[in-house]
Each structure stands twice: as C-alpha cells, then as structure tokens.
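Trainee: Could you have a look at this structure, given as structure tokens, before my questions?
The values are calculated or read from the model by the stated rules, or taken from the named source; none is laboratory data. On a predicted model such as this, the values are computed, not experimentally measured, just so you know. Methodologically, a virtual Cβ is constructed for each residue, glycine included, from the backbone with ideal geometry; neighbour enumeration extends over all protein chains shown.
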Amino acid sequence: MSHTNGWAISPATLRRLAFQGLVLWAVFLAGAGAAQDLSLTLWEEASAASWQPVYPPSSELVPLDQPPYAEETSYRRLPDLGYSDWCWHFRPKGFVYSTYWASAAEPRLATHTVKQLGGHWLQDSHIGGRVGIVRYGPRDRTEGWQLDVLAGAKLRQDWDEELDVVGTDYRYDILTTYAAGSFGFKFGFYHVSSHAGDEFLLKNPGFDRLNYFRDALVLGISHYPAPPLRLYAEVGWAFAYDISQPWEFQFGIDYGPAYATGITGAPFAAINAHLREELDFGGNLAFQLGWAWRGEWSDGVLRAGMYYYNGYSPQFSFYAQHEQQVGLGLWYDY
C-alpha cells in the first residue's frame, strides 16, 4: 500500500480546489440562464438531426427515396409517434441521468491497471450494472421521470502479490431521476460497505479491519450547455454509518460524444472531485482522458484511455491512506 508522499494532495488543498470549483460552477449556472435560449436551440437542432428518418408533421405518407412530400408513387406508412405525448415505459431504453464518468463511487463496468507512485501495481475493477425499471416521459426523447436500480462491487487486486484480493466495496443504489431539456436531477438512496480481502488479511494479521459502511440519501443536478458537455454536482447525507460521517460532496465535468460515433469513436475527457466529512472534507481528484464509442441504441458509453487519481483511497477499507495512481483504464458507463 502507498501511504502519504510528497505528491499527495492535502485536505486543505482539496478544500480550496473544491471551493474554487463550486464558485466557477455557480458562476456558470448564473450565466447559463442568460444563454438558455441559445443552448436550447442548439440542443433541439442536434436532437432533431440525430433522428432518422425525418417525419413530416402529419405523420402520414413518406416517399422511400425522396424527401417528404416528393411526387413519387413508392411510399411506406409510418406510425404516428405522438411526439408531445407522455406515457409509461416499462424497462425503458437508456437513462435520463447518467453516471459520472470520472467518479470512483458509482457502480459500472470498468478496470484500471495502475501504478501507485511509491507503491505497487494494482488492478482496480468495477463489476456492476444499471437497470431502468420504469419511465414516465415522451416517446421521442430520453426525458421525464425514471426509476433506476444500480449495483456493483469495486475490487482491488495487487499485481506484486500474485493478484491477491486486497479489498472489495459493495454498493447498490435506488434512484429517482428526472430530465427536461438540458437539465437533469436525481434523488435516491445508496448503501456501501467495505471488506478487506482474505488474502490480504492472512498476509497482514495485524491489520485492523474497519466496518466502514454508509446508508445515504443523495441529491444531484447536472446541466448540458451543449450535448457533448456536462457539468454536475451532488450532495450526500448518511443517516446510518460507521467510520464514515454524514456529509459528502462531489462535482465534475464530462466531455464526450453525445450521439452514435460509429467505429471511429470520438475523444473524451472527465474530471471529478469527491469530498468526505470523515476526511475533514478532504478527498480525491480523478482525471480521465481518451477515446469513447457510443452505439446507436446502446444504454451506455464505452471508453478507453489514461487514468490519474490523487487523494485518499477509493477502497474504503483504507479510506484514510493517501494514494497517487497513474495508469490505463477501460470503462462502460450507464
């Protein structure tokens, strides 16, 4: 394990960075109101361009090989989608509030091969998934109210110890989410608990196993000033906990493809800060940079690239240890 070193970000520095980030985020939201008409126009134009074919207003007859209303005799009948109608969707496709790309907390499918500076080579993996249960919203776009369930395990293995399991954190979320236009919101519950690995405990008999757990409520908000760019912030409050303390905050920026990319993909970048009360509101910064692919009808985004992490350990069995990691990652986010 890597302990505090000269490169680790101190709690005071993290708090200063967090405060500056929150100020910048608040300034942006204030300016977003003045630019709302423009951003909505860009959003609507981009959204319209992503739907093929383009339906005529009447949803009647459309020529197969010509633009709408061309004078041809070969036609097919298209269903009336009722764009303005809201209805119930059971097991809906997609999600109205996506997971945060650079966050180390939420369940996803991912693996990182990383080097702890001054420490071991590690394999940090997330084995998880997300299911949309029901949505009430329009038929032609991913908006409205949706109930989601997430669950997963966050596993750490040590390459220098024959891939021994160092620790595993287990988490599940039950979320109510809402999105309209460029804004999204989420409110829900999550449980997380940490467990040191059996191999690690056998080789470290003096290790003091911690019963770290949280049962918490979370409230999040995100804003897309343009389809590829997302800003977000979240607050969590635990009503039952051990080792952990009630309050936590995270915020960040995701930039990447909003629509289908094909095999060529597109660049992405993501940054996340996570601050926790049990660390005197210190925490960690995570940064990712690489290439992403989004399918035409997929629920998520496949990403590959560089990974950098600096701060307190994302494995809660070692929550008070500083780590600085550099490596490569592969992610599938919902």
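Trainee: Across the range 300-334, what is the total count of residues that are in a strand (DSSP E or B) and within 22 Å of GLY94 (Cβ to Cβ)?
Mentor: Going through the range 300-334, the residues in a strand (DSSP E or B) turn out to be 301-312, 322-333.
After this cut, where a residue has to be within 22 Å of GLY94 (Cβ to Cβ) as well, the list is 301-304, 330-333.
So the answer is 8.
Trainee: Just to be sure before I move on: is LEU302 surrounded by fewer than 18 Cβ atoms within 10 Å (Cβ to Cβ), farther than 25 Å from ALA233 by Cβ and more than 17 Å from the chain's Cα centre (by Cα) in the structure I sent? Even if it seems obvious, please write down each step before you answer.
Mentor: Working: surrounded by fewer than 18 Cβ atoms within 10 Å (Cβ to Cβ): yes; farther than 25 Å from ALA233 by Cβ: yes; more than 17 Å from the chain's Cα centre (by Cα): no.
So LEU302 fails the test.
Trainee: Need the failing condition index for ASP280 against (1) more than 17 Å from the chain's Cα centre (by Cα); (2) on the phi < 0 side of the Ramachandran plot, just the number.
Mentor: (2)
Trainee: I need a count of the residues in the range 258-281 that are farther than 21 Å from SER98 by Cβ and among the aliphatic types (A, V, I, L, M). Show your work before the answer.
Mentor: Looking only at the range 258-281, we keep the residues that are farther than 21 Å from SER98 by Cβ, and these are 263-264, 275-281.
Then keep just the ones that are among the aliphatic types (A, V, I, L, M); that gives 263, 275, 279.
So the count comes out to 3.
Trainee: Would you say ASN211 is within 17 Å of ALA104 (Cβ to Cβ) and either in contact with a Phe, Trp or Tyr (Cβ under 8 Å, 6 or more places away or on another chain) or not acidic (Asp, Glu) (or both)?
Mentor: Taking the combined requirement at face value, the residue does not satisfy it.
Trainee: Scan the range 239-257 for residues that are surrounded by fewer than 21 Cβ atoms within 10 Å (Cβ to Cβ) and either without any contact (Cβ under 8 Å) to a residue 40 or more places away in the chain or farther than 20 Å from GLY220 by Cα (or both) and jot them down. Working first, answer last.
Mentor: So in the range 239-257, the residues surrounded by fewer than 21 Cβ atoms within 10 Å (Cβ to Cβ) come out as 239-243, 245-247, 249, 253, 255, 257.
Once the filter is applied, which keeps residues that are surrounded by fewer than 21 Cβ atoms within 10 Å (Cβ to Cβ) and either without any contact (Cβ under 8 Å) to a residue 40 or more places away in the chain or farther than 20 Å from GLY220 by Cα (or both), the range 239-257 yields PHE239, ALA240, TYR241, ASP242, ILE243, GLN245, PRO246, TRP247, ILE253, TYR255, PRO257.
Trainee: Oh, and also: Among the residues of the range 310-318, are any surrounded by fewer than 18 Cβ atoms within 10 Å (Cβ to Cβ) and more than 20 Å from LEU150 (Cβ to Cβ)? If you could, list the steps in order and put the result at the bottom.
Mentor: So the first thing to find is which residues in the range 310-318 are surrounded by fewer than 18 Cβ atoms within 10 Å (Cβ to Cβ), and the list is none.
There is no residue in the range 310-318 that is surrounded by fewer than 18 Cβ atoms within 10 Å (Cβ to Cβ) and more than 20 Å from LEU150 (Cβ to Cβ).
Trainee: Moving to a separate point now. For the range 109-138, give me each residue that is of a type in the set (Val, Ile, Thr) and either surrounded by fewer than 22 Cβ atoms within 10 Å (Cβ to Cβ) or closer than 24 Å to TYR190 by Cβ (or both). Walk me through how you get there before you give the answer.
Mentor: Quick first cut of the range 109-138, residues of a type in the set (Val, Ile, Thr) only: 111, 113-114, 127, 131, 133-134.
Of everything in the range 109-138, those that are of a type in the set (Val, Ile, Thr) and either surrounded by fewer than 22 Cβ atoms within 10 Å (Cβ to Cβ) or closer than 24 Å to TYR190 by Cβ (or both) turn out to be THR111, THR113, ILE127, VAL131, ILE133, VAL134.
Trainee: Check off (1) within 30 Å of GLU161 (Cα to Cα); (2) at pLDDT 95 or above for ALA216 and give me the number that stays unchecked.
Mentor: Status for ALA216: all satisfied but (1).
Trainee: Let me ask you something else. Do you know which residues across the range 94-111 are in a loop (DSSP other than H, G, I, E, B), farther than 17 Å from ASN310 by Cα and of a type outside the set (Asp, Glu)?
Mentor: To start, the set of residues in the range 94-111 that are in a loop (DSSP other than H, G, I, E, B) comprises 94-108.
Remaining after also requiring farther than 17 Å from ASN310 by Cα: 94-100, 106-108.
Passing the criteria: GLY94, PHE95, VAL96, TYR97, SER98, THR99, TYR100, PRO107, ARG108.
Trainee: Filter the range 117-146 down to the residues that are among the acidic types (Asp, Glu) and in a loop (DSSP other than H, G, I, E, B) and list them by number. Before the answer, list the steps.
Mentor: Taking the range 117-146 first, the residues among the acidic types (Asp, Glu) are 124, 140, 143.
Passing the criteria: ASP140, GLU143.
Trainee: What number of residues in the range 154-179 are surrounded by 14 or more Cβ atoms within 10 Å (Cβ to Cβ) and either assigned to a loop (DSSP other than H, G, I, E, B) or small (Gly, Ala, Ser) (or both)?
Mentor: Count: 2.
Trainee: Going through VAL114, VAL149 one at a time, which residue ends up being of a type outside the set (Asp, Glu), at pLDDT 95 or above and assigned to a strand (DSSP E or B)?
Mentor: The unique qualifying residue is VAL149.
Trainee: Considering only strands (runs of 3 or more DSSP E) fully contained in the range 228-299, which possess at least 2 residues that are among the aliphatic types (A, V, I, L, M), modelled with pLDDT of 95 or more and over 27 Å from LEU330 (Cβ atoms)? Walk me through it before giving the result.
Mentor: On the way: elements: 229-242, 247-255, 266-276, 282-294.
Those strands (runs of 3 or more DSSP E) span 229-242.
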